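Worksheet for the structure shown next.
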Protein chains: 2
Amino acid sequence: MNEVSTRRKRGGGRAGHATRRGTAAIEQLPWILPVNIDRPTEPLTEEGVARIHDTAMVILEELGIEFLNPEAVRILGEAGCRVSGENVRMDREMVMEYVRKAPSSFTMTPRNPERQITMGSNHILFGNVSSPPSYWDLEIGRKVSGTREMCQNLLKLTQYFNCIHFAGGYPVEPVDLHASIRHLDVLYDKLTLTDKVPHAYSLGKERVEDVMEMVRIAAQLSDAEFEASPRMYTNINSTSPLKHDYPMLDGWMRCAARNQGCIVTPFTLAGAMAPVTMAGAVAQSLAEGLSAIVLAQIIRPGAPCAIGTFTSNVDMKSGAPAFGTPEYMRATQMTGQMARYYGLPMRSSGVCAANVPDGQAMWETEHSLWAAIQSGTNMVYHAAGWLEGGLIASPEKFVMDCEVLQQLIRYMDPAICDVSDDGLGLEAIREVGSSGHFFGTKHTQERYTTAFYQPFLSDWKNYEAWEAAGSIWTAERAHHVYKAILEDFEAPPMEESVREELAAFVERRKSEGGAPTDF
Amino acid sequence: MNEVSTRRKRGGGRAGHATRRGTAAIEQLPWILPVNIDRPTEPLTEEGVARIHDTAMVILEELGIEFLNPEAVRILGEAGCRVSGENVRMDREMVMEYVRKAPSSFTMTPRNPERQITMGSNHILFGNVSSPPSYWDLEIGRKVSGTREMCQNLLKLTQYFNCIHFAGGYPVEPVDLHASIRHLDVLYDKLTLTDKVPHAYSLGKERVEDVMEMVRIAAQLSDAEFEASPRMYTNINSTSPLKHDYPMLDGWMRCAARNQGCIVTPFTLAGAMAPVTMAGAVAQSLAEGLSAIVLAQIIRPGAPCAIGTFTSNVDMKSGAPAFGTPEYMRATQMTGQMARYYGLPMRSSGVCAANVPDGQAMWETEHSLWAAIQSGTNMVYHAAGWLEGGLIASPEKFVMDCEVLQQLIRYMDPAICDVSDDGLGLEAIREVGSSGHFFGTKHTQERYTTAFYQPFLSDWKNYEAWEAAGSIWTAERAHHVYKAILEDFEAPPMEESVREELAAFVERRKSEGGAPTDF
């Protein structure tokens, strides 16, 4: 195990500094905000874009969306929507008027300002897996319920890897923590173990309000400073077809009101919660998403919103959801075209249906990540650690995904295609002629340490050397890297007084009973 | 193991018919020639294309290429190249004049005309791994030398899978066959076990001539019919930097003269046989490739040629070649831009450095396959079965790759993005409203058996069902599929008299001593 055996102890310094190249467990890429330099893949013609838009608008105008939240219904009604009980219909002129108020790009700034991220502007950013109830690792060897310790360990990976730009929801649900106080403990862990942009679940007002307060405390901001620009984000899923539920809308409205990131991601499985045809599933997803963005823009014009896609297909033999399929890829690309049409930042995901971190897991994940690149996605949820359609979090998969993410980040580096005289290297070709070797040339020697991407997990040894090193397959190598990272992990710096203030907040809110669990 | 346990015995019929959906071991996609509908990814500006072209031309004009074959040197000299010993320099006007004679698209027709393939015209076609000296499978569990039986088994996979469009070189080197007669036995196996477009190694005149004769016999063609249009192809690699060796040129010239497919693929590892900078490595590769195409076009104007790329980078720590890297992807995309500039069909590969069919194998292979799609590659060599940088052939990897290839073929199906009224499904959305489910709708029921890609290897069961089925990881499932295919395999039909004529040819050539092995 080269990656582990060659690790060296650090000479000193503090962990977690945004610009360092990584702690000692592995050599990793530095923290950067990658810019997607590829032209998007666009399967839709202009007419196709217009037809999907028209279908989404007809859904909003004629069928309407159910908003299972009286306050949301009231706000939408007052703004001119046609309300009938919980059903809200809105004309396309109004939809487009409000959607245009949403910024095409915005920043989010966590407690460490060096970890600020930009949503939009051709950036593609990656976050950890969120919300699996279960956990799997090679040591345990089976699927088990998530615990706080597992969650903490995955948060450490989230912090450790520079290719992870934002912290998602709980990287595994710590079901050993009571649901009423779970958000308090996990947010304490997240805000002390990471310094990246955090996420809040929209599951009732207490959770969102508690998270916003803890994020404010962690960054030592006044209320006005907190609201001046986005510091965190929430993500809501509609209850497809054509419905938004109460707690999601509640959190959504609170985040919009306070100028925090609002991402809406309908989960439209074609053939189940949406039409079996992908263009229809995309149109329905857009209608559901845009309706929430209209609500946010009514509440706070200019509120930072993004449109997400989670359109995939089911296995029509079993009804099981499938991910990273050809249909998933095209749906993501189509959604990308539509997001550009609406001028909104876009979210998609790194996903698979595989149950263990094997070949299938990686080809499905690769398909979803390429769909993200091809679609112009700005924010890739679940980009590290996801298995079993999101039901399992795995540290081995997390580490394997980070190897892939690093390669994609390097892929975006325009330096690879340098066609300056240096990049063309004609003088080196002249020097070597037809019988030499390039390794010894000055042109090579000046560049060889930085010319190529250097993996931390891929094993490029030949078979015999790989065999001599123990014949270790990728998942097991990833397990060793995971353990090495945990061993070396140092939390990002935080003033002790801030930590105490956070802990005191958690204690107070626990003593008040946390959040209700009856929604 | 769902794929194996559910296989059914065929009721009858002949195997190998090009349009059947597959034999019974698995349900696979039908034989089609996929059209790549994606706009290529183009990292070079127009100026970048011009600069790489100019560098390639300066190499050809000022440095020249060594042609280690007196006949080739003579032909090039008579056509106006500047010859100095084995060094041949050619002006860009002459290069472009001859390159323009090469067709931008051509067909190749094997003994079963239903297996005709088109090189060019936005087709992307896949072939099996070629030329590994070693073999690995899960049952053996270690790297071993290739044998004729292993080679035959991999040829059976080549024939079986409809996503494999052409037969490459030996899918594993049968080192139990003496090198002097190996080509005779393997070509006999290839021509009887498959009916797809075959390949000939350019390793001395006897091998190429024997293969052309066997291909002619297998299809029962006259010499004139054989030459009337391409029936097979060869692939040569330059001896980078800037050199073509004797036997490769010999085979190349014989294939060009007889109007068979001529593919030239320099193996330019950046930092070793080419500049450490990718644009320079691409420019050198193009110069080497174009020089061979000029030779072919002098010999037979209009000869069917394609330009290949095998530009990758080494691991600068160990010097080992790496594949499917970010640099490999961009080099392939740049070569695609240049191939379009020259109006030539293009070849690239499905490659990885991994030693076993695990996660790394699949992410590296995925990167190379996406580079093929993004570059507008027409012919993907090594698309199934490749491990260890091409030193190992593996049937498990073959089967896993075919699952991915099928998904890519489905990805190219424009039907996924249908935006007709049927594709938008507004009536189904209207019918289901906000509280129903789409499965029961007429819109879904009419489409659910064909709406989505159905994998033969991906396991979409949930964890518990997967565990109950034996917790089988992908590579092991692939092994079972491989065994099931072998068990069910039936060779494509061939008249007994043709088989006898082929066998008699092999016997006669063996009695004559086969081909020399001293080159």
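The values are calculated or read from the model by the stated rules, or taken from the named source; none is laboratory data. The model shown is predicted, which means the values in this text are computed figures rather than measured ones. Please note: Cβ atoms are built from the backbone with ideal geometry, for glycine as well, and neighbour counts cover all protein chains shown.
Filtering A:464, A:496, A:487 for residues that are touching a residue at least 12 places away in the same chain (Cβ under 8 Å) and not assigned by TED's automatic domain parsing to the domain that holds residue A:141 leaves a single hit, A:487. Across segment B:345-362, the qualifying residues are those that are touching a residue at least 24 places away in the same chain (Cβ under 8 Å) and more than 15 Å from residue B:312 (Cβ to Cβ), and the one among them that is surrounded by the most Cβ atoms within 10 Å (Cβ to Cβ) is B:357. Residues that are surrounded by fewer than 14 Cβ atoms within 10 Å (Cβ to Cβ), among the hydroxyl-bearing types (Ser, Thr, Tyr) and more than 23 Å from residue A:321 (Cβ to Cβ) within segment B:463-514 comprise B:497, B:511, listed in sequence order. All conditions but one from (1) more than 12 Å from every other protein chain (Cβ to nearest Cβ); (2) hydroxyl-bearing (Ser, Thr, Tyr); (3) more than 17 Å from the chain's Cα centre (by Cα) apply to residue A:277; the one that does not is (1).
To keep it simple, each residue is scored yes or no on (1) in contact with a Gly (Cβ under 6 Å, 6 or more places away or on another chain); (2) within 22 Å of residue A:345 (Cα to Cα); (3) at pLDDT below 95; (4) within 14 Å of chain B (Cβ to nearest Cβ).
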| position | (1), (2), (3), (4) |
| --- | --- |
| A:35 | no, yes, no, yes |
| A:62 | no, no, no, yes |
| A:72 | no, no, no, no |
| A:109 | no, yes, no, no |
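Suppose we keep only residues that are in contact (Cβ under 8 Å) with a residue 24 or more places away in the chain and hydrophobic (A, V, I, L, M, F, W, C) within segment A:82-95. Which one would you say is farthest from residue B:435 (Cα to Cα)? Residue satisfying both the conditions and the ranking: A:94. Selection over segment B:111-122 of residues that are at pLDDT below 95 and surrounded by 15 or more Cβ atoms within 10 Å (Cβ to Cβ) gives a count of 0. Once segment B:297-335 is narrowed to residues that are crowded, with 24+ Cβ neighbours inside 10 Å, over 21 Å from residue A:406 (Cβ atoms) and among the aliphatic types (A, V, I, L, M), the residue that is nearest to the other protein chains (Cβ to nearest Cβ) is B:334. Against the test of being at pLDDT 95 or above, farther than 30 Å from residue B:458 by Cβ and basic (Lys, Arg), the options A:258, A:330 yield a single qualifying residue, A:258. Of the residues making up segment B:192-200, at least one is of a type in the set (Lys, Arg), at pLDDT 95 or above and part of a loop (DSSP other than H, G, I, E, B).
In the set B:137, B:185, which member is in contact (Cβ under 8 Å) with a residue 12 or more places away in the chain, charged (D, E, K, R) and in contact with a helix residue (DSSP H, G or I) (Cβ under 6 Å, 6 or more places away or on another chain)? Of the residues listed, the single one that is in contact (Cβ under 8 Å) with a residue 12 or more places away in the chain, charged (D, E, K, R) and in contact with a helix residue (DSSP H, G or I) (Cβ under 6 Å, 6 or more places away or on another chain) is B:137. Residue pairs whose Cβ atoms lie under 6 Å apart, sitting 6 or more positions apart in sequence or on different chains, and linking a residue in segment A:56-69 that is under 11 Å from residue A:85 (Cα atoms) to a partner that is acidic (Asp, Glu) and surrounded by fewer than 23 Cβ atoms within 10 Å (Cβ to Cβ), are A:66/A:86; A:67/A:86; A:68/A:86; A:68/A:245.
Among the criteria (1) within 12 Å of chain B (Cβ to nearest Cβ); (2) more than 16 Å from the chain's Cα centre (by Cα), the one residue A:343 does not fulfil is (1). Within the set A:100, A:82, the sole residue that is of a type outside the set (A, V, I, L, M), closer than 30 Å to residue A:215 by Cβ and more than 14 Å from every other protein chain (Cβ to nearest Cβ) turns out to be A:100.
Only one of the listed residues (B:467, B:388, B:476) is of a type in the set (D, E, K, R) and at positive phi. That residue is B:388.
The single condition among (1) more than 7 Å from chain A (Cβ to nearest Cβ); (2) touching a residue at least 40 places away in the same chain (Cβ under 8 Å); (3) under 19 Å from residue A:361 (Cβ atoms) that residue B:369 does not satisfy is (2). Restricting B:247, B:241, B:171 to those that are over 18 Å from residue B:382 (Cβ atoms) and assigned to a loop (DSSP other than H, G, I, E, B) reduces the list to B:241.
From the list A:283, A:279, A:274, A:287, the lone residue that is without any contact (Cβ under 8 Å) to a residue 40 or more places away in the chain and either under 16 Å from residue A:56 (Cα atoms) or surrounded by fewer than 24 Cβ atoms within 10 Å (Cβ to Cβ) (or both) is A:274. Among the residues here, residue B:310 qualifies as at pLDDT 95 or above, within 25 Å of residue B:262 (Cβ to Cβ) and touching a Phe, Trp or Tyr at 6+ places or on another chain (Cβ under 6 Å).
Tell me, please, whether a residue that is under 21 Å from residue A:417 (Cα atoms), touching a Lys or Arg at 6+ places or on another chain (Cβ under 7 Å) and free of Cβ contacts under 8 Å to residues at least 60 places away in the same chain can be found in segment B:253-265. Within segment B:253-265, none of the residues are under 21 Å from residue A:417 (Cα atoms), touching a Lys or Arg at 6+ places or on another chain (Cβ under 7 Å) and free of Cβ contacts under 8 Å to residues at least 60 places away in the same chain.
The single condition from (1) under 17 Å from residue A:48 (Cα atoms); (2) more than 16 Å from the chain's Cα centre (by Cα) that residue A:332 fails is (2). Within segment B:211-225, the set of residues being under 22 Å from the mean Cα position of the chain (by Cα) and touching a residue at least 24 places away in the same chain (Cβ under 8 Å) comprises B:211, B:212, B:214, B:215, B:218, B:219.
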